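Student: What follows is a structure written as structure tokens; I'll ask about it next.
The values are calculated or read from the model by the stated rules, or taken from the named source; none is laboratory data. Since the model is a prediction, treat every value here as computed from it, not as a measurement. Positions of Cβ are backbone-derived with ideal geometry, glycine not excepted, and every protein chain shown enters the neighbour counts. Ligands, DNA and RNA are stripped out before the accessible areas are found, and what is left, the full protein with its side chains, is counted by its heavy atoms. Shrake-Rupley method; radii C 1.70, N 1.55, O 1.52, S 1.80 Å.
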Amino acid sequence: MAETQFTPRVFSGIQPSGNLHLGNYLGAVKHFVDMQNAGEYETVYCMVDLHAITAKLLDPDELRSNTRELCASFIASGIDPEKSILINQSQVPEHAQLAWIFNCIARMGWMQRMTQYKDKAGKNAEAASLGLLAYPALMAADILLYHGTHVPVGDDQKQHLELTRDIAAKFNHDYGVDFFPITEPVIRGAATRVMNLQDGTKKMSKSDPADKTRINMTDDADTIAKKIRKAKTDPDPLPDAFDDLAERPDARNLVNIYAALADIAPQAVLDQHAGSLFGHFKVALADLAVDKLAPIASEMSRLMDDPAEIDRILGRGAERAREITVPILEQTYDIVGMLRS
Ligand code: AMP
Ligand code: TRP
């Protein structure tokens with residue numbers, strides 16, 4: 001069969017579960033902006049509110065407010081709702097519709113092997129929601145509903161993207177079509193895995209109860225500087241070579257954060273700062289972080305003062321999205337054998 005040529009199209013999403021942090025920004029949102037501005041792709045970015053209720057139900061007002069706040073942080077970070085299609089997942093109903101088809105393509109064994117499912121379900125998997133198990137099939141639907149070819153994410157989403165490829169391949173194979181693309185993960189840069197500021201062996205996470213472990217995108221300049229000053233480090237100076245940080249996770253994390261914020265390679269950070277002690281390096285890092293992040297926080301709070309404007313942007317995004325999703329869902333239904341009304 002001749003290989004179908006798919007339009008290069010980027011899709012990515014983030015859950016509106018609150019506390020968007022530096023890991024989300026450097027691992028994901030910053031790349032969303034870069035790929036939007038590269039001019040090589042159509043870009044679609046999504047607040048995945050249907051995913052946000054899989055682990056536990058949220059207070060409805062809190063979910064609405066988190067969704068608007070996430071939208072504000074996307075725009076404040078540089079996503080332009082004219083250049084990119086910016087949507088909230090539940091407002092484009094085809095996501096849930098395609099997810100149902102994929103629930104019937106994916107196998108139970110595939111889903112039960114997902115490490116995120118195992119972590120979140122914990123010891124009592126019997127009590128986990130069915131939605132938590134089906135989560136990656138909905139994620140595959142998010143991407144494939146747009147025939148997404150490239151997906152920028154942090155390192156922790158790699159396994160879900162492999163499953164997306166498996167679902168596309170099984171659908172194409174079982175129906176004898178070349179309809180869904182085999183998506184490429186885009187996991188790049190120095191900060192695919194930003195670590196906890198108090199423990200460089202753990203991932204920076206929105207669910208850690210201690211706020212000092214992460215930099216939130218809503219933190220003001222003083223808070224950002226203070227958290228960096230108090231970040232855990234070691235007494236040794238910065239080495240000449242990045243490889244010498246292999247056994248120094250806290251130090252390596254701060255160098256990676258510096259590199260990602262400055263858009264340079266980690267080795268270039270050491271070329272500038274080798275021999276510095278952390279007292280000194282942290283001042284430079286705090287200045288850089290405040291410089292890059294504080295304007296985003298203040299723009300976010302400005303946007304949050306006008307929730308009606310955010311709702312208007314998301315309404316318009318959903319309309320534009322559906323020009324793509326309605327025909328792709330119709331074609332999928334035809335392939336599967338659903339009657340058309
Ligand atoms: P989530 O908040 O789990 O919906 O994650 C949203 C995006 O941020 C995904 O692309 C994740 O891979 C990315 N992400 C989350 N935590 C980190 C982290 N500590 N370092 C790098 N990327 C991250
Ligand atoms: N699972 C992703 C996360 O937790 C969020 C997500 C949902 C996503 N749908 C997506 C990411 C589609 C990329 C593409 O980070």
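Student: Please find, within region 1-58, the residue that is farthest from ligand 1 (Cβ to nearest atom) out of those that are part of a helix (DSSP H, G or I) and free of Cβ contacts under 8 Å to residues at least 40 places away in the same chain.
Tutor: ALA38
Student: Could you check how many residues of region 204-213 are surrounded by fewer than 17 Cβ atoms within 10 Å (Cβ to Cβ) and either within 16 Å of ligand 2 (Cβ to nearest atom) or of a type in the set (Asp, Glu) (or both)?
Tutor: 4
Student: When you look at ASN66, is it surrounded by fewer than 23 Cβ atoms within 10 Å (Cβ to Cβ), assigned by TED's automatic domain parsing to the domain that holds LEU145, of a type outside the set (Asp, Glu) and in a helix (DSSP H, G or I), yes or no?
Tutor: Spelling it out, ASN66 is indeed surrounded by fewer than 23 Cβ atoms within 10 Å (Cβ to Cβ), assigned by TED's automatic domain parsing to the domain that holds LEU145, of a type outside the set (Asp, Glu) and in a helix (DSSP H, G or I).
Student: So for region 283-291 (the condition being within 16 Å of ligand 1 (Cβ to nearest atom) and open to solvent by less than 30 Å² (accessible area, probe 1.4 Å)), does at least one residue qualify?
Tutor: Within region 283-291, one or more residues are within 16 Å of ligand 1 (Cβ to nearest atom) and open to solvent by less than 30 Å² (accessible area, probe 1.4 Å).
Student: If the requirement is being away from ligand 2 (no atom under 13 Å from the Cβ) and within 30 Å of GLY122 (Cβ to Cβ), which of these qualifies: LEU70, LEU50, LEU20, LEU57?
Tutor: Answer to the check: LEU57.
Student: While we're here: Among the residues of region 149-195, which ones are without any contact (Cβ under 8 Å) to a residue 40 or more places away in the chain and open to solvent by less than 10 Å² (accessible area, probe 1.4 Å)?
Tutor: Of everything in region 149-195, those that are without any contact (Cβ under 8 Å) to a residue 40 or more places away in the chain and open to solvent by less than 10 Å² (accessible area, probe 1.4 Å) turn out to be LEU161, THR164, ALA168, PHE180.
Student: When residues of region 105-122 are filtered for being assigned to a helix (DSSP H, G or I) and open to solvent by 80 Å² or more (accessible area, probe 1.4 Å), how many remain?
Tutor: So the answer is 5.
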